[in-house]
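Reading through the structure tokens given below for one structure.
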Amino acid sequence: MKKSIGISLILIFSLLLGACSLKQDVANLYKQETPLESEIIIPESISANKQETIKVILTQDGKKVEGADYVQFEIWKQDGSVKFDMEQAEDEGNGTYSLSKKIDSEGLYYIKVHASNHGSIIMPQKQFVIGELSENEKKFLRKGKPKQQESHENHH
Amino acid sequence: MWRWHLYAGIIFAPFLFILAVTGSIYLFKPQIEQMIYQDYYEVTPQGEKVAASAQIEEVKNLYPDAIINKYRPGENTMRSSEVSITANDESLTIFIDPYTGEFIGEQNSKDKIMNKIEEIHGELMAGTLGDRIVELAACWAVVLIVTGLYLWFPKKNQRLSGVLYPRFNKGKKILRRDLHAVPAFWVTAGMLFLIMTGLPWSGFWGSNFQSIATNSGAGYPPSIWSGDAPTSIIKTKDIAEVPWAAENLDVPLSKIQGYIPLPIDDVVAIANREGLHPSYTVSIPQDTVGVYTLSAYPPKAQDEVTMHIDQYSGAVLADYRYQNYGLVGKSVAWGITLHKGTQFGLINQLVSLLICLGIILVTVSGFYLWWKRKPKKGSGAPKAPSLKKMKFFLVLLIGLGILFPLVGLSLIVVWLIDWLIIQRIAVVKKFLNA
């Protein structure tokens, strides 16, 4: 009797200790996706009225994506006053796709890259600035502050 | 055998009774909630729906300090959309008419009657301790079933009366016994099923079981029950900084230039593109590395889905449907929908209700049986037989103790109490007939 209780005790504890956590790479045992990854490259500073080139480098499964199903760029201004149609990007090879653009008005802009390859569809968007920001745009940027921070301040 | 059945019965019958009663009510949650919250749930379809982002904006206007946690678009054209928020440490659900974008109502989740019922059913309103007690009661119910079946099993050439149907004309004593043993036999399979399908949700046995299953590749994929969701694949340094800390906008331009999270409207579009069950909920990422998690647990197990979407690129990082579950995961998923009575709709609910009513009858009649039979003095337990005659039973108990460590643990406690107290104090020993 005592012996069997001892054995069951050991078994119980080994079960308790052994089973609690998940293996790190456990997701590999189940269905996996190969998401398209993108790096949107915008020149450090862009001036209005100048031809600028925006690039995106696409990788998937650790390899550069050659001949993606589609890569399109969409650019618009934050206040809605400027909006370009979606445009096909040029395939430069080695996973790089680019678009040259001349924008007249200064301010806060967005670019959205629509890309797809091997069943993965992405639409990353990036915020960028041409020239100087207007007062309204600065106000808009400040409004986007995280809610958690706001509520902390209100507790006083 | 009788001894164990008696003790375990007296201790755990009240819990099983509570579980059966709350379970009977919880089974009808869809109908009950549809009735109580009809004004919140139902909307009149008119024209196009307002964008999800506009609906959330409305909630932000009404609750400026709240954290937005979830958005649920509503599974059909007549259903309102829901925005789950945390405001002043309360979790609220805000109902919005998706056609007008207007506020319908607010619901505090701690006021929801079904949440209370669920809390009693799952943890007796006593947190982790309650969860463990429920789990223990469920495991010991298995012991009760096994010992009960042994006691019920017809001896010699007994007829079917008193086995499959009760004997009404053999006096009160026999009728009392039959009113416990016969219905108990009939609900055995159903009860065992409810226990086995309920256990995977339990805090201790359940979470360990799920982890073992997931680790073996046969369970749920990670992040559905246990394990973390994947994180965004965008590098943190490439994310646009929000200049909230600065009174003046002195954050360098290069920090403002960067990836920004996708608007929720894109996430809804992705959900439509990927063909999610319309009852899905979007969990909104709360930090810079989080993901949008779309999940749906509809009535039928085979419609379940959990999908993680990169909050910056919209890339589907993981897409787990029922078909992607391992064999154990599939069984558990079916077990859950059957246990909740949703898998086969009304028929499922009625069958489960019948089992619950059976359990109520059996716990009450069992208690009554003991109450009537026990002598004025003493517990009425039969004399403890020597352990040597009970080899089979001992093996069974140890087996159950290993399979359900909580049973094993409680067995050790019982054995210690027996050894340290009962066997040493004459009065107790006599009372329990040990």
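None of the figures in this text is laboratory data; all of them are computed from the coordinates on show. Here the structure is a predicted model, which is why all the values come from computation and not from measurement. All Cβ positions, glycine included, derive from the backbone under ideal geometry; neighbour counts span all protein chains shown.
Remarks
- Over 26 Å apart at the Cα level, from the set B:Lys29/B:Lys300; A:Lys64/B:Lys237; B:Lys116/B:Lys374; A:Lys23/B:Lys340; B:Lys49/B:Lys112; B:Lys172/B:Lys374, are B:Lys116/B:Lys374; A:Lys23/B:Lys340; B:Lys49/B:Lys112.
- For A:Ser47, the shell of other residues with beta-carbons less than 13 Å away shows a net charge of -2, using +1 for Lys and Arg and -1 for Asp and Glu.
- In the protein assembly as shown, inverting the average of 1/r over every pair of distinct C-alpha atoms gives 28.5 Å as the Kirkwood radius.
- Gaussian network model of chain B, springs between alpha carbon atoms under 10 Å - residue of B:Asp319, B:Asp228, B:Asp97 with greatest fluctuation: B:Asp228
- For the stretch B:223-324, the equivalent ellipsoid built from the Cα gyration tensor has semi-axes of 32, 13, 11 Å, listed from largest to smallest.
- For the stretch A:32-133, share of DSSP beta bridges that run antiparallel, in % to the nearest 5: 95
- Separation of alpha-carbon centers, the stretch B:392-434 and the stretch B:184-214, rounded to whole Å: 23
- C-alpha center-to-center spacing [the stretch B:1-74, the stretch A:77-119] in angstrom: 45
- Note on A:53-60: average number of Cβ atoms from other chains within 10 Å of each residue's Cβ is 0.
- Cα-based Rg / Dmax (Å) for chain B: 27.4, 93
- Out-of-range pairs (alpha-carbon distance over 21 Å; input A:Lys138/B:Lys255; A:Lys83/B:Lys235; A:Lys102/B:Lys235; A:Lys101/A:Lys126; A:Lys31/B:Lys70): A:Lys83/B:Lys235; A:Lys102/B:Lys235; A:Lys31/B:Lys70
- Neighbour counts of C-beta atoms inside 10 Å place B:Phe431, B:Phe209 in the sequence B:Phe431, B:Phe209, starting with the fewest.
- Counting Cβ atoms of other protein chains within 10 Å of each residue's Cβ and taking the mean over peptide B:314-324 gives 5.
- Helical contribution to [θ] at 222 nm, DSSP H n ≥ 4, -39,500 (n - 2.57), averaged over chain B, rounded to 500: -16000 deg cm²/dmol
- Charge tally in the Cβ shell below 10 Å around A:Gly107, where Lys, Arg are +1 and Asp, Glu are -1, A:Gly107 excluded: -3
- Local electrostatic count, B:Ala218, Cβ distance below 15 Å [Lys/Arg +1, Asp/Glu -1]: +3
- Among the trypsin sites (Lys or Arg not before Pro) in the stretch B:148-177, those located in a DSSP loop and surrounded by at most 11 other Cβ atoms within 10 Å of their own Cβ are B:Lys155, B:Lys156, B:Arg159.
- For peptides B:33-44, A:112-123, B:271-282, sequence by mean Cβ density within 10 Å, most packed first: A:112-123, B:271-282, B:33-44
- Highest-first packing order for the peptide set B:80-86, A:73-79, A:134-140 is B:80-86, A:73-79, A:134-140, based on the mean count of other beta carbon atoms within 10 Å.
- Residue-averaged beta-carbon neighbours from other chains (10 angstrom radius) around A:33-42: 5
- Percentage of interatomic Cα-Cα distances in the stretch B:78-195 larger than 24 Å: 57
- Taken as entire DSSP H runs, the helices of chain B that both span 27 Å or more between Cα atoms along their own long axis and average 0.0 or more on the Kyte-Doolittle scale are B:2-26, B:127-152, B:172-198, B:345-373.
- Over chain B, relative contact order from alpha-carbon pairs under 8 Å, at least 6 apart, %: 18
- Across the stretch A:32-133, the relative contact order, built from alpha-carbon pairs under 8 Å that are at least six residues apart, equals 32 percent.
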